[in-house]
Amino acid sequence: MAASAGGAGWIAWRGFRLLGQNNLSVSAEAASLQAMAAAAVLVATLALVGVTTWYAWLTRLSVRQSGPIVTVELSVGWVMAPTPQGQVFIGPLSSLEDGAPDDRFQVPFFAIRLWNSGNTKTSVDKVQIGFRSGFAYMTNHTAVGPNCPFPLEAHSSETYFLEAPDNPDGLEAMRKISREIRAEVDLGSGSKVHSSWEQLP
């Protein structure tokens, strides 16, 4: 920007000098100065656009970092039966068909893991399983972990457990709705976040 201002000043000074002369050689230099002036205006405009774009990006980054930034991952959590005792095996969706790695863990839940990497806490107001076909599955109470609504502090994580089918018939009924599912979360900030689409086994 300083270089552009200096160039514009030199062009203006040279133009005033030419006004005091009256010969044909001046016309060529005047045309050259005119071209240089146009170039200087273009450079200044591009510099202004660049500064404005940089400032907008910096502002957007600052706003993002100051608010909650929540990411979601969907998996399966296996707990002990008949009463959960705080121990959970976390595995892929395929384990709904394959079973838990330990025979003592026989009760499956959808495990919706949430990370808040932002600088502001939020709350988790609703969690559901969304189907590609447009349907959704949720419950108002879970026997494992927190119930909605619950807080999600800045730079922290939490897992919400939603009952999953525990027999082949239940899994088949869910497949008939849609083979593709994802976790969908409503936050207290008013925004909605979700996991990527996953395939039921």
Ser191 fails exactly one of the following numbered conditions: (1) touching a strand residue (DSSP E or B) at 6+ places or on another chain (Cβ under 7 Å); (2) closer than 19 Å to Gly67 by Cα. What is the number of that condition? (1)
Top-ranked residue of region 131-158 - restricted to ones that are of a type in the set (Val, Ile, Thr) and within 23 Å of Ile177 (Cβ to Cβ), ranked as surrounded by the fewest Cβ atoms within 10 Å (Cβ to Cβ): Thr139
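Quick check on Val76: is it at pLDDT 65 or above, among the β-branched types (Val, Ile, Thr) and either closer than 25 Å to Ile181 by Cβ or not in a helix (DSSP H, G or I) (or both)? Outline the logic, then answer.
On the way: at pLDDT 65 or above: yes; among the β-branched types (Val, Ile, Thr): yes; either closer than 25 Å to Ile181 by Cβ or not in a helix (DSSP H, G or I) (or both): yes.
So Val76 fits the description; yes.
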Out of (1) modelled with pLDDT of 95 or more; (2) loosely packed, with under 13 Cβ neighbours inside 10 Å, the odd one out for Lys126 is which? (2)
Got a sec? Which strands (runs of 3 or more DSSP E) wholly within region 100-201 have at least 1 residues that are basic (Lys, Arg) and free of Cβ contacts under 8 Å to residues at least 60 places away in the same chain? 105-116, 192-194
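The values are calculated or read from the model by the stated rules, or taken from the named source; none is laboratory data. Note that the structure is a prediction, hence the values are computed from the model and not measured. Note: ideal-geometry Cβ built from the backbone for every residue, glycine included; neighbour counts use all protein chains shown.
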